[in-house]
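Structure first, commentary second.
The values are calculated or read from the model by the stated rules, or taken from the named source; none is laboratory data. Treat the numbers as computed from the prediction; the structure is a model and nothing was measured. Using ideal geometry, Cβ is built from the backbone for each residue, glycine included, and neighbour counts are taken over all protein chains shown. Heads up: the accessible areas ignore ligands, DNA and RNA and are worked out on the full protein's heavy atoms, side chains in. Shrake-Rupley method; radii C 1.70, N 1.55, O 1.52, S 1.80 Å.
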Amino acid sequence: QEALGESGGGSVQAGESLRLSCAASKLTTCTYDLEWWRQPPGKEREFVSEIDSRGITRYADSVKGRFTVSQDNAKTTAFLQMRSLKPEDTAIYYCNVSTIPTLHPPSCRFPMNYWGRGTQVTVSS
């Protein structure tokens, strides 16, 4: 039913690593950015990282230098490699396909978002 499904979350100690995976179905033929977001306990959802259709990546300051976003060659799976994890990284992590509006084809003219259900990451000090 869900277009995106995250996996790889779990509980780790501070300083350890996790790799999250995002299995993507046939979501859209429109141009899109693949994004990772997270929602810490009691806080609003926040941007973590993205990779655009050209492979250009962007990271939140809080994770830059520690997290790496990537996709496999077929773009069927996205990854978020998380290193040197900190307790403040504890959150539910979400994968999102965010389309970039284009005039043609007309079906792509409005932005669309396709969210995964999220995976829990817990980092203990």
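Using the Cβ atoms and a cut-off under 14 Å, what net charge is assigned to the surroundings of M82, where Lys and Arg are +1 and Asp and Glu are -1? Spell out each step's value before the answer.
Details: positive: R19, R38, K64, R66, R83, K86; negative: E6, E16, E88, D89.
Residues close to M82 contribute a combined charge of +2.
Please report, in debye to the nearest 20, how large the charge dipole of the range 64-120 is about its Cα centre when each Lys and Arg carries +1 at its beta carbon and each Asp and Glu carries -1 there. Write down the numbers at each step before the final one.
Values: 7 positive and 3 negative charges, 16 e Å.
Using only the charged Cβ atoms, the result is roughly 80 debye.
For I100, what residues show an amide H to amide H distance below 5 Å, using hydrogens built from the backbone and excluding near sequence neighbours?
HN-HN under 5 Å from I100: T31, Y32, D33.
Tell me which lysines have Cα within less than 17 Å of K64's Cα, excluding those fewer than 8 residues away on the same chain?
Result set, ordered by chain and number: K86.
Would you calculate the volume per residue, in Å³, of the smallest convex hull containing every Cα atom of the range 56-123? Don't skip to the end; give the middle numbers.
Details: hull volume 8.4 nm³, N = 68.
Spelled out: Cα convex hull of the range 56-123, divided by residues, is 124 Å³.
Quick one: putting +1 on the C-beta of Lys and Arg, -1 on the C-beta of Asp and Glu, what dipole do you get for the chain around its Cα centre, in Debye to the nearest 20? Intermediate results must be reported in sequence, preceding the final value.
On the way: 14 positive and 13 negative charges, 28 e Å.
It works out to roughly 140 debye.
Given 10 Å bins starting at zero, what is the percent of C-alpha pairs of the range 1-84 in each, up to the one with the largest pair distance?
16, 50, 30, 5
May I ask you to evaluate 6.51 cos²θ - 1.76 cosθ + 1.60, the Karplus curve with θ = phi - 60°, for each residue of the range 96-113 and list the ³J(HN,Hα) values in order in whole Hz, giving x for glycine and proline?
9, 9, 10, 6, 9, x, 9, 5, 10, x, x, 5, 9, 6, 10, x, 10, 10
Heavy atoms only, probe 1.4 angstrom, no DNA, RNA or ligands counted: give me I100, I51 ranked by accessible area, highest first.
Result, largest first: I100, I51.
Using a/c under 1.5 as the rounded threshold, could you call the range 17-60 rounded, prolate or oblate? The axes a ≥ b ≥ c are square roots of the C-alpha gyration tensor eigenvalues, and prolate needs a/b larger than b/c, oblate otherwise.
Numbers: a/c = 1.80, a/b = 1.66, b/c = 1.09.
Because a/c hits 1.5 or more and a/b exceeds b/c, the range 17-60 counts as prolate.
Note down the magnitude of the dipole of the range 17-70 about its Cα centre, charges +1 on Lys and Arg C-beta and -1 on Asp and Glu C-beta and zero elsewhere, to the nearest 20 debye. Write out the running numbers ahead of the final one.
Values: 9 positive and 7 negative charges, 39 e Å.
Rounded to the nearest 20 debye, it is 180 debye.
Need the list of lysines near K26 for cross-linking: C-alpha distance under 27 angstrom, and skip anything on the same chain fewer than eight residues off.
By straight Cα distance, K26 reaches K75.
Once the other residues with Cβ under 9 Å from the Cβ of E50 are scored (Lys, Arg +1; Asp, Glu -1), what is the net sum? Please report the intermediate quantities before stating the final value.
On the way: positive: R58; negative: D33, E35, D52.
Overall, the nearby charge balance is -2.
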